[in-house]
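Starting off with a structure, shown below.
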Amino acid sequence: MVKSNAIEVVKGATETNMSVMRRFSKRVSGNGIVRASRKRRYNERPKSALKQKNEAIKRMTKKSAYERLKKLGKIKDVEYRNR
């Protein structure tokens, strides 16, 4: 369900642009729009079971192929430096 957050600020006759912007910013922050959008910013949908299974199978096949090549001596074991 999408929540409508239409915020409208009307400029008064003697009001400056800065005061209108300040009033708009206060309404936006008070309404929680910025907080909600930051919360949703990096939200990812959970992966389906089938996709997780396929990724696991792909990982296992790549690992077994690597282990096979390593056993045959076609790939040297990589040593990682400690930092």
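With the structure loaded, tell me whether K63 is assigned to a helix (DSSP H, G or I) and loosely packed, with under 11 Cβ neighbours inside 10 Å or whether it fails that test. Break it down into steps so the answer makes sense when it comes.
Details: assigned to a helix (DSSP H, G or I): yes; loosely packed, with under 11 Cβ neighbours inside 10 Å: yes.
Spelling it out, K63 is indeed assigned to a helix (DSSP H, G or I) and loosely packed, with under 11 Cβ neighbours inside 10 Å.
Quick test for you: out of N54, N31, N43, pick the one residue that is polar (S, T, N, Q), surrounded by 10 or more Cβ atoms within 10 Å (Cβ to Cβ) and modelled with pLDDT under 90. Write out each step before concluding.
On the way: N54 fails: modelled with pLDDT under 90; N43 fails: surrounded by 10 or more Cβ atoms within 10 Å (Cβ to Cβ).
One residue alone meets the criteria, N31.
The values are calculated or read from the model by the stated rules, or taken from the named source; none is laboratory data. Being a predicted model, the structure only gives us computed values, none of them experimental. Neighbour counts run over all protein chains shown; Cβ positions are idealised from the backbone, glycine included.
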